[in-house]
Structures are given as structure tokens and as C-alpha cells.
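A.B. asks: Okay, handing you the structure first.
The values are calculated or read from the model by the stated rules, or taken from the named source; none is laboratory data. Note that this is a predicted model, so its numbers are computed, not measured. Virtual Cβ from ideal backbone geometry, glycine too; neighbours counted across all protein chains shown.
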Amino acid sequence: MFSPVQKSFLVIALRVTLIAAVIGGIAGLIGGEYIGMMFAALVILLAFSYYAWKLAQLHHWLENPQAATLPDADGMWGDVLGKLYRLIKQERVSQKSLSDALSRFQQAATALPDGALMLDDAHNIVWLNPVAEQHWGISLANDRMQTVTYFIRYPEFIKYLAERNYGEPLALKVSRKDVAGLSKELSLAVQLVPFGEDQMLLLSRDVSERDRLETMRRDFVANVSHELRTPITVMAGFLETITAASTGKPELLEKSLTHMTNQALRMQRLVEDLLALSRLEDNSHRPVQAPINVPELIASLLIDAEQLSAGRHRVSSRIAPDWLLGNRDEIASALSNLISNAVRYTPAGGEVEIHWTIEDGKPVFSVRDNGEGIAPEHVPRLTERFYRVDRGRSQATGGTGLGLAI
């Protein structure tokens, strides 16, 4: 059985052959056999020229197929052009649908809070979202179709990629520069997700804050244990001393009881600070607010500072008249902590300056001293619980290590 197109082709071939035979026969009767063959060949040549012209039209139209420029045709050519146009139209609909789906995927991936990087079967970069650009320092505009291991060169990642065991995420520490150009270490949880035909999606999540909190939790437990162990050990030791000592040595008993009292007070301050910190971190905590006379408040804090200094420092102040609306106890605690730290960590003979000024309509409280100071790498961790720049010096000053956290 022949298809409609094949039938149309056979009809055209028979029609051309018949016309060539008739015209060639008539010409042969008039001018002889040679003339008849020439006319028959001419008819066939004209037919081929016509269809070659039709093919040229089809080729030209296929370069930019539009309904408005569809060539006029009938018969077999009409069927061919009609089917071609329908196929092209279906292909365009499919391409638009695929393009829309890809665009929606890219929009969704761009909005993700995590990094997403698409790899082909050769581990070349096909696409990545802005978060992945930040995580890996890769530019989609400049680095597309480059091998991913050219940019992510960490041995553990290369091993993870080669082993093809992607069930568990990989933990990576990467170094990136922030907006100020300073180097910053990120903790990334990385996982490869295979899809399609040997393609993969590299997902990356910044878990730096989670790791930082976990480190703080471990340090907190360790530091609380350490802070409580010392006074408990001291008290236990003195209790043993008292038990073993003779009753005829009241001076030894008095000395032991004094040390025990000091250690008990230290533990009491520690527990009070822990409770205060817990209360402040409780979302349900709503402190009572009232107007606060700032010069009066700081004047009382200066008296405490002078007593703590015991004449070992020169304490000066410049306080602008001002009022605040807030909780007096909590604000006093915050300001007092900064002042007492300056007094504690400034050597004898040093200066401590306390200022309350108004700058651009906003109050600014500052404490300046000429003590040893704090190295830049310690500054980001100063408000962590029990974090100490110099543990020995900090304990000697009598602080609990919770002041700045509070």
C-alpha cells in the first residue's frame, strides 16, 4: 500500500510521462523521431525545473517558517507544506512550554535561600543561582560550561564527587571575601542530587550560624562546669581543713570560713547572672519602662566605679543632659558593665573616661581607657557567655564572664 504522498508522487510522474509522450509523439510525427525525443526531454526538463523551483521556495520558507509567507501550493506540495507547517507549529509550542518550565525552575531556584548549581554529565557548570555564586565565587556569566572542580578544589569535595555516594551531605569550610573585602570562613553543608541523564544538582547551605551556636553551646557547658568547679573545690577543701583542724585554732577557722564565704558569693553571683541572662532571653519578658534621668544614673555608676578603683585610676566624665525611656535596672546593668570592665582591666595609674554625648540627635555612651585593649579577632565573640580573652586575668578581676552577654 502506498501513502498519500507516494500516490501523489506517482500521479505526478505518470502525468509528466504521459504529457512528454504525447508532445514527443506529435513532434515526432511532424519533425521526425529526433525532434520528438527532444520535445519529450524538454517537457520532462520543464517539469523538473518547476519542482526544483518549488523546492527552492520550500527551502527559503523553512529558514523562517511563518504562516503569512507560506508558499502557494496544491496537490502533493500542499500536503507536504501543510504537514511541515503543523510540525513546526507543534515544535514551537513544545519549545515555548519547555522554555516556560525552565524559566519557572530558574526563578524558583533563584529565590531559594540555598545555593543550587547544575552540572552536566562531564561535571561542567550549566547554571547556578546567585546564592551558589556567593558560596563558590563562581560567575554564571563568565564561568558557564567550565569544569566545577576548577573552582571547587577541596580534596574532600573531589573525593565526594568521584565516589558517587551522595546519600549524606558533605561538610566544607570555605573562605570567601565579604563586601568589605575581608576574608570570611563559611561552613557549608553540600550535597549532590543526580537527576535526568547523568546530570546533577549541587546544593549548598550556609550552616555557619548553626555551627557557631553549637560551638557556643559546647563552650557554655564546659565553662559553666569550670566556673562552678573552682569554688566547689575550694569549699570542699576548706571543709576538709576545718574537719581535720583542731578546735584550738580559731584564726584558721575564721580564714577558712572567709574563703568559703567568698566562693559561695561567687557562685551566687554566677547563678544570679545566669538567671538574669535567661530572663532577658525569654520572649515573654516585658520590663517596666519609665523616664530615666541620665546624668543622675551615671553619677551613681561613677560612685561605684570610684569604689571599685579604690583610688588606683583617674576616672573622668563628660555627661550631656538627657532623658531616656526604659528600664532603669537593665540600662544601669549595661552601662555599669562597660564601666566596671574598664576599671578592672586598666592597670593602676591608668585613665578611664566616661562620656554621654548627643551626636546627630542620637545619644552615644562611650567608655575609653588606656589599658591593654582587645585584639580584633576576639571582638566578635565578646558577648558570648563565659568568653574570656585572657582567662587568668579575667578570673583575677572577680567577674563571672556573663556581663557582656547580659
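A.B. asks: Within the range 318-338, restricting attention to residues that are part of a helix (DSSP H, G or I) and of a type in the set (S, T, N, Q), which residue is surrounded by the fewest Cβ atoms within 10 Å (Cβ to Cβ)?
C.D. replies: Just the residues of the range 318-338 that are part of a helix (DSSP H, G or I), to begin with: 328-338.
Restricting the remaining residues to those that are of a type in the set (S, T, N, Q) gives 333, 336-337.
Working: Ser333: 15, Ser336: 18, Asn337: 17.
Out of the qualifying residues, it is Ser333.
A.B. asks: Of all the residues that make up the range 139-153, how many are part of a helix (DSSP H, G or I) and touching a His at 6+ places or on another chain (Cβ under 7 Å)? Give the derivation first.
C.D. replies: Looking only at the range 139-153, we keep the residues that are part of a helix (DSSP H, G or I), and these are 140-143, 148-150.
Okay, now just the ones that are also touching a His at 6+ places or on another chain (Cβ under 7 Å), so 148-149.
The total comes to 2.
A.B. asks: Mind listing whichever residues of the range 114-138 are among the charged types (D, E, K, R) and assigned to a helix (DSSP H, G or I)?
C.D. replies: At the first step, the residues of the range 114-138 found to be among the charged types (D, E, K, R) are 114, 120-121, 133.
Selection gives Glu133 alone.
A.B. asks: Of the residues Arg314, Arg328, which single one is at pLDDT 85 or above, under 23 Å from Ser366 (Cβ atoms), under 46 Å from the mean Cα position of the chain (by Cα) and of a type in the set (Lys, Arg)? Quick ask: steps written out before the conclusion?
C.D. replies: Numbers: Arg314 fails: under 46 Å from the mean Cα position of the chain (by Cα).
Result of the check over Arg314, Arg328: Arg328.
A.B. asks: Go through the range 158-171 and give me each residue that's touching a residue at least 12 places away in the same chain (Cβ under 8 Å) and surrounded by fewer than 16 Cβ atoms within 10 Å (Cβ to Cβ). Show your work before the answer.
C.D. replies: From the range 158-171, those touching a residue at least 12 places away in the same chain (Cβ under 8 Å) are 160-161, 166, 168-171; that's our starting set.
Passing the criteria: Glu168, Ala171.
A.B. asks: Looking at Glu353, Glu254, Glu296, can you tell me which residue is surrounded by 15 or more Cβ atoms within 10 Å (Cβ to Cβ), over 38 Å from the mean Cα position of the chain (by Cα) and acidic (Asp, Glu)? Steps first, answer last, please.
C.D. replies: Numbers: Glu254 fails: surrounded by 15 or more Cβ atoms within 10 Å (Cβ to Cβ); Glu296 fails: surrounded by 15 or more Cβ atoms within 10 Å (Cβ to Cβ).
Only one candidate passes the filter, namely Glu353.
A.B. asks: Let me ask something else about it. From the list Val207, Val174, Val190, Val131, pick out the single residue that is closer than 30 Å to Leu402 by Cβ and surrounded by 14 or more Cβ atoms within 10 Å (Cβ to Cβ). Walk me through how you get there before you give the answer.
C.D. replies: Values: Val174 fails: closer than 30 Å to Leu402 by Cβ; Val190 fails: closer than 30 Å to Leu402 by Cβ; Val131 fails: closer than 30 Å to Leu402 by Cβ.
Unique residue meeting the criteria: Val207.
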